[in-house]
Structure formats: structure tokens, C-alpha cells
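> Please read through the structure below; I'll follow up with questions.
The values are calculated or read from the model by the stated rules, or taken from the named source; none is laboratory data. These numbers were taken from a predicted model, which means no experiment stands behind them. Every residue, glycine among them, receives a Cβ derived from its backbone with ideal geometry; neighbour counts consider all protein chains shown.
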Amino acid sequence: MLTSPTTIDDLSIDLLGNIVSRLHSVDFASADCVSRSWNRACCRVLCRPKLSSACSLSSDLQVAVEGVVNKVLSELIRPHFAIVSVGLCVDLPEARRLVCYLDFKISMISMKCIVSFMNELQITARLSSKIPIVLSDSFGVIGRDVNSDEFVETRWRMWNDPGSGIMLTIGFLPGVKVNLISLSQRIGDPFEIDKFITDIWEFSASKSGRQSPAAIMIFSRSQQCMNVVEKLDYAMSPETVIVGGGCCSLQYASGSSRNTAALALVFAEDMNKPPGVGETQFHTVLSSALLPVGPTCQVTSIKEITTLKARLTARREGSYENLDVLALLNQVNEELGRWVDTEDFFIGVTRRRECSIGPEKVEWVTSLVFHHVLEGDEESLIVDGSGIKSGDTFRLYCPDPTTAISSTANASAYIRSFKQGSTTGGDKREVFGGYIFSSWRRGMPFFVQPDFDSSPLRDNFPGVTLGGMFSVLEIGRDDSTLYAKESQEQNSAGCCVHECGVVYLIMSYTP
């Protein structure tokens, strides 16, 4: 008796799933559009959120870009966003041109078809991808090396080792809508921070039904970082996770960057997500290397030297005489038992300012803001940044490895507790990825042991995909316990922009 031959359409959905699960991302996208049965098989295979990340330290930018793109897309993933971080010596416009290669591959996946490769310069024009791609410079990368498959923390110093290399992280988040929103700095006009925030509100409300999104990853030029993040912290719900890093230059793949002050990757829960899709959640943990030293002081006068530098005089709180700054620094060094150069200190300024968005009612906000000490003499301190006023109080802080080790241990213990809670609750929560923003002042040789900053996540979640960068500043909402504080006013001050710190972003999924 003759039987009709078995065709691929006769395969069971389980067998089809086994076949398509072995494909690379682009081939998987093609399989996804063969037929309805193939689509169902593909959806069963790729139904949970996923992060894919790789770094390359190759000095040849084209080799580095192709290496990390091919690596992250060798796994099954439908990219919803991408973060590209390059070394300081890399020409950003050239990097953007080559990242069109990534834009092209993502477009192929989004369109679910195979097309012939075109010249990079033609790709963005012909295949406009809607996937948000952030491109920024960094002082180093954190992640798995594409060649050795080893996890590395590579930090470059600007003055003698600007560094070359690239870190690429892409994410697939079913049930979450992702958008890239830019803050422009028009020449001669103030920052459009209010518009930036209302754009985030409007996107979140349209996708999730809530004004504040689930999470925001913000990349900001360091000069504008404080103003942007302080207002963002004021405007967003306490439940919104805010993390990010300060950089010197940044671009986004589909737009001009000449006057871009900040970019925000906004993650909003999709109120129209399909049945059966679980909940993606974002969590943060912070660590600091700053040790508070010396007394609380009060600013008595302030003079801005430039828009990014100011000279101040101060007195001890409760005293009427101005400080001898050099004597104070010498006293602090004696208490520390080691010498700390003047330019290694920071001042943590507690300030109370009015804040509002648009025409809404003005409210008072108390915050802790760090300024790098540039110089000091008997009468005054010269610090970077702006916004300090007479009457503000401050303390000196200095980077301290012992403080960093202790704070990192606390972060690791918190993450360990979080992990245990994830497995003992009624709804099992699965951690699928993480991202790290670490200070360029940390890493080797600040610590004796290598790869220290990533250890809280690597030790607690071995095998989970991690990426990260060494940044100029670290952005993350603290819980008011990260820094030792003396007064009630200081206790009420939140800090969102950090120096010498690490911000850990943990991504989890509850089916």
C-alpha cells in the first residue's frame, strides 16, 4: 500500500520547535514567516525575555563591530533595543556608520525576510529600522569577550590609554514597549527638559495606561547630567527604575546628535500584551566607594568662574569664621592615615531647590549633589559644576577601596537575598539579564582583584547575560542609606547622580 510522502508541513509543532530553535536570529526570522504552524512553533520557542551581549577589544573597529553583531545575533532573539558603547579613541561618526551594519541586521529580523547585504551607507536610508539604538563613548567595557569567551572588565584611562573596543547589548522584552526619547540642546536656548519629560509621560501613558514607565535607562552628556536626572527623579513615580551613565559623546542611529544632551530608553508595560505573556520587572542595587570625611560645612560665598567651574568659601557649621581649606585637607589626611591629593576629593552638597514641570505647582526638593574638587588654597575651594548657592551645606568625600569593598559586599548580600526571595515566593521570578554602570575611577588598579565590580551579579547569577560600561557618572535612585549623613536635612536628601559608584540593573521575568 502506497502512502503519501511526509512533508515538512506534517511535522509536529514540538519537532518544528526543535528545528527552528537551532537557527540563528536572521534564519529564525525567515522561518517565522513560512506558515502559521511555523509561526506558532517559533513563538513557542521565543516566548520569554532575553538579553544578548558581547564585547570586543579589537583595535580594528570594523572587525570589532562585525564580531559583536554576529555574536549577539547568533542566538535566537528579536531585538527590541540595542546599546552600543565604544572606546574614547573611537571616532563616533565612523562607529555610527558601522553600526548601520547592526541596524541592517535588526531590520532583516524585524521584516522577517532575507535580503542581500548592501553598502553600510545605504542601509539606514533603505531599511529604516524602528529599533532604538543608543551609541555612546565610555571609559571601558564590562562583559564577555567575543574572542576568548571570558568575562572581562576593561577600563581605559583617558590621558594615557584612551582605549579601543566596543560593547553591544540587545534585548528582547515581550509584553514591554520600548522607545528612545532624546533631549535636544538647541544653541542659544535652554534645555527642553520639561518637553523631554512630557514626551516620556505621553509614551508611557499611551502604551501602559500609566504616566510613569516601568524603567528608564538614560545616557547623558556629563555636563548636563545633574539637571536632567534631578528633574526626571522629581517627575517620575517612585516605582519607576531610573539608571544610566554620563558620557562625553552620544548618538542615536536614526538621528542627528550634534545638539543631543541626553537619550532615554523608556520601558513601558504593554497594556495590550497577548494572553500568557508574563511580567518583566526591573530592579536596581547601588554601591559606592566614597567615604565621608571631615565636618559639615556651609557655603558662605560662591563665584562661578565658568559655566562648569566655581570658587567657594565656607565655614564649619556653627562657626562664624571662614575655613582654612588647606588646613582642613591636611587634617583630613591625618585622620585617614594616608595622603589623598586635593583633586581626588569631592564635596557632597545638600541643596534645597524649587522644582516643577511646566505650569504645575512648584515644590521644594532636597538632593545630594557631588562636585569634584579641582583646587584648594587657604581661603577657597575650586570645584567643577554649577548650581551651588550660599547657605548650602556640604561634606568632603574621598574614594576609598575599603569603603568600596564593604559597599559591594552589601550589594552582593542584597542581591543574594533578592535571589532567594525569587525562588521561595508563590510566583517564581527568573532573572534573565543585567546591566552595570561603573565609575571610570574604579576597576584595576583601584581594587587589587580584577573583575570586582561585576562580582555581585556574576556570583549570584552565574550564566546570566551581563553587559556594562565604565562611565563618567553613574545614575541611579538611592534609598537614602548609601551615604552616611549627619543631619535631618541630609537624611531627606536623595542622590541620583553618583561618583565612584556602581549601579546594577537586574531584569527579571515572572511567567
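> Give the range 216-226 a look and list any residue that's over 11 Å from the mean Cα position of the chain (by Cα) and touching a residue at least 60 places away in the same chain (Cβ under 8 Å), or say none.
Selection gives Ser222, Gln223, Cys225, Met226.
> Among the residues of the range 201-216, which ones are touching a strand residue (DSSP E or B) at 6+ places or on another chain (Cβ under 7 Å) and either outside any helix (DSSP H, G or I) or within 16 Å of Val243 (Cβ to Cβ) (or both)?
Pro213, Ala214, Ala215, Ile216
> Within the range 223-239, can you find the residues that are of a type in the set (A, V, I, L, M, F, W, C) and more than 21 Å from Glu202 (Cβ to Cβ)?
Step one: list which residues in the range 223-239 are of a type in the set (A, V, I, L, M, F, W, C), which gives 225-226, 228-229, 232, 235-236.
Of everything in the range 223-239, those that are of a type in the set (A, V, I, L, M, F, W, C) and more than 21 Å from Glu202 (Cβ to Cβ) turn out to be Cys225, Met226.
> Which residue pairs have Cβ atoms under 6 Å apart, sit 6 or more places apart or on different chains, and have a first residue in the range 428-450 that is in a loop (DSSP other than H, G, I, E, B) and a second that is among the basic types (Lys, Arg) and modelled with pLDDT under 95?
Here the result reads Gly443/Arg155, each pair linking the range 428-450 to a residue that is among the basic types (Lys, Arg) and modelled with pLDDT under 95.
> Do we have any residue at all in the range 169-176 that's surrounded by 15 or more Cβ atoms within 10 Å (Cβ to Cβ) and modelled with pLDDT under 90?
no
> Among the numbered conditions (1) at pLDDT 95 or above; (2) hydrophobic (A, V, I, L, M, F, W, C); (3) over 30 Å from Asp459 (Cβ atoms), tell me where Phe196 comes up short.
Every listed condition holds for Phe196 apart from (1).
> So, of the residues in the range 44-59 that are part of a loop (DSSP other than H, G, I, E, B) and among the hydrophobic types (A, V, I, L, M, F, W, C), which turns out to be surrounded by the fewest Cβ atoms within 10 Å (Cβ to Cβ)?
Cys47
> A follow-up question, please. Residue under question is Leu265, and the condition is that it be in contact with a helix residue (DSSP H, G or I) (Cβ under 8 Å, 6 or more places away or on another chain), of a type in the set (A, V, I, L, M, F, W, C) and assigned by TED's automatic domain parsing to the domain that holds Ile181; does it hold?
Details: in contact with a helix residue (DSSP H, G or I) (Cβ under 8 Å, 6 or more places away or on another chain): no; of a type in the set (A, V, I, L, M, F, W, C): yes; assigned by TED's automatic domain parsing to the domain that holds Ile181: yes.
The answer is no for Leu265.
> When you look at Thr366, is it assigned by TED's automatic domain parsing to the domain that holds Gln298 and under 31 Å from the mean Cα position of the chain (by Cα), yes or no? Before the answer, list the steps.
Details: assigned by TED's automatic domain parsing to the domain that holds Gln298: yes; under 31 Å from the mean Cα position of the chain (by Cα): yes.
Yes; evaluated as a whole, the condition is true for this residue.
> Can you confirm whether the range 109-120 contains a residue that is among the hydrophobic types (A, V, I, L, M, F, W, C) and either assigned to a strand (DSSP E or B) or modelled with pLDDT of 70 or more (or both)?
No - not one qualifying residue is present in the range 109-120.
> Applying the selection to the range 396-422, what residues are of a type in the set (Ser, Thr, Tyr) and not in a helix (DSSP H, G or I)? Even if it seems obvious, please write down each step before you answer.
From the range 396-422, those of a type in the set (Ser, Thr, Tyr) are 397, 402-403, 406-408, 412, 414, 417, 422; that's our starting set.
Matches in the range 396-422: Tyr397 only.
> Looking only at residues in the range 267-278 that are of a type in the set (D, E, K, R) and modelled with pLDDT of 95 or more, which one is surrounded by the most Cβ atoms within 10 Å (Cβ to Cβ)?
The extreme case among them is Glu269.
> Kindly indicate whether Lys71 is within 25 Å of the chain's Cα centre (by Cα), surrounded by 14 or more Cβ atoms within 10 Å (Cβ to Cβ) and either within 30 Å of Thr510 (Cβ to Cβ) or at pLDDT 70 or above (or both).
Values: within 25 Å of the chain's Cα centre (by Cα): yes; surrounded by 14 or more Cβ atoms within 10 Å (Cβ to Cβ): yes; either within 30 Å of Thr510 (Cβ to Cβ) or at pLDDT 70 or above (or both): yes.
When the stated conditions are applied, Lys71 passes them.
> Something else now. Across the range 383-395, what is the total count of residues that are on the phi > 0 side of the Ramachandran plot and within 25 Å of the chain's Cα centre (by Cα)?
Count: 2.
> On to the next question. If you check Glu202, Glu230, which single one turns out to be modelled with pLDDT of 95 or more and either of a type outside the set (A, V, I, L, M, F, W, C) or within 15 Å of Val266 (Cβ to Cβ) (or both)?
The unique qualifying residue is Glu202.
> All but one of (1) of a type outside the set (S, T, N, Q); (2) modelled with pLDDT of 65 or more; (3) in a helix (DSSP H, G or I) hold for Arg96; state the number of the condition that does not hold.
The number of the failed condition is (2).
> Also, I was wondering about something else. Hey, can you tell me all the residues within the range 217-233 that are in a helix (DSSP H, G or I) and among the basic types (Lys, Arg)? Can you show your working first?
We begin by selecting, within the range 217-233, every residue in a helix (DSSP H, G or I); these are 225-233.
Listed by number, the list holds a single entry, Lys231.
> While we're on this one: Only one of Glu375, Glu379 is within 18 Å of Ile305 (Cα to Cα), more than 23 Å from the chain's Cα centre (by Cα) and without any contact (Cβ under 8 Å) to a residue 40 or more places away in the chain; which?
When all the criteria are applied, what remains is Glu375.
> Same structure, new question: Return the total of residues in the range 294-320 being of a type in the set (A, V, I, L, M) and either out of contact with any Lys or Arg (no Cβ under 8 Å at 6 or more places or on another chain) or in the same structural domain as Ile506 (by TED's automatic domain parsing) (or both).
Our first condition is that a residue be of a type in the set (A, V, I, L, M); within the range 294-320, this holds for 299, 302, 305, 308, 310, 312, 314.
Narrowing further to those that are either out of contact with any Lys or Arg (no Cβ under 8 Å at 6 or more places or on another chain) or in the same structural domain as Ile506 (by TED's automatic domain parsing) (or both): 308, 314.
Residues meeting the conditions: 2.
> Let me ask you something else. Filter the range 396-438 down to the residues that are within 21 Å of the chain's Cα centre (by Cα) and among the β-branched types (Val, Ile, Thr), then identify the one that is surrounded by the most Cβ atoms within 10 Å (Cβ to Cβ).
Ile436
> Okay, next question. Could you grab me the full set of residues in the range 348-384 that are in contact with a Cys (Cβ under 8 Å, 6 or more places away or on another chain), of a type in the set (Val, Ile, Thr) and at pLDDT 90 or above?
Within the range 348-384, Val365, Val369 qualify.
> Determine, yes or no, whether Lys273 is touching a Gly at 6+ places or on another chain (Cβ under 8 Å) and in a loop (DSSP other than H, G, I, E, B).
So Lys273 passes the test.
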